[in-house]
Structures are given as C-alpha cells and as structure tokens.
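The values are calculated or read from the model by the stated rules, or taken from the named source; none is laboratory data. Just so you know, these numbers come straight off a predicted model, no measurement behind them. Cβ sites come from the backbone with ideal geometry, for glycine too, and all protein chains shown count toward neighbours.
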Amino acid sequence: MIQSSKYINIILVIIGIYVCNKQPLQPVAEQKKYFNHQIFEENKLSPRATFFGFESEKIKHKEKSKRFLNLNED
C-alpha cells in the first residue's frame, strides 16, 4: 500500500513538471485604436429620441411645443 502511494506521488510530480514546462503564451499585437482619442464612435448608431412628451394633446408637431429644442439650428 505504501509502495503504490509513493509511485502515484512520483508519477504526479513528473506529470506536473511536464505540464509546467509548456511554451509561454504568445503576446497579443498592440491594439492602438483604443488609445486614439479621435476614434470615438466606432460601431455606434447615431443618437435619436424614441419619446417626446407634449404639454397638451392639441399640439400636432413636436417643433411647435415649448419643450422642443432644436439642436441642429435648422
């Protein structure tokens, strides 16, 4: 019984040493686009409003509302 546990321990140590001697990981190429402050909206949809709260039901167009602010200055 003691002899077999010694052999098992020796085999486990040999396997552990073999597994630890593998090649190191390959370095990943540097990703420069994440550090570029000029690239801001990659793969991003343009913003848009999905809801507009009118102050009364009489207003038909949101542009005539007091709550509407045109940011494009058209």
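Data table
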| item | result |
| --- | --- |
| Contacts under 8 angstrom Cβ, first residue in segment 51-74 being on the phi < 0 side of the Ramachandran plot, partner surrounded by 10 or more Cβ atoms within 10 Å (Cβ to Cβ) and part of a helix (DSSP H, G or I), 6 or more apart | 52/62; 54/62; 68/62 |
| Selection count where residues are assigned to a loop (DSSP other than H, G, I, E, B) and either exposed (fewer than 10 other Cβ atoms within 10 Å of the Cβ) or at pLDDT below 75 (or both), scope segment 15-41 | 16 |
| Some residue of segment 47-58 being of a type outside the set (Asp, Glu), assigned to a loop (DSSP other than H, G, I, E, B) and modelled with pLDDT of 85 or more | yes |
| Top-ranked residue in segment 59-74 [being outside any helix (DSSP H, G or I) and of a type in the set (D, E, K, R); ranked as modelled with the lowest pLDDT] | 74 |
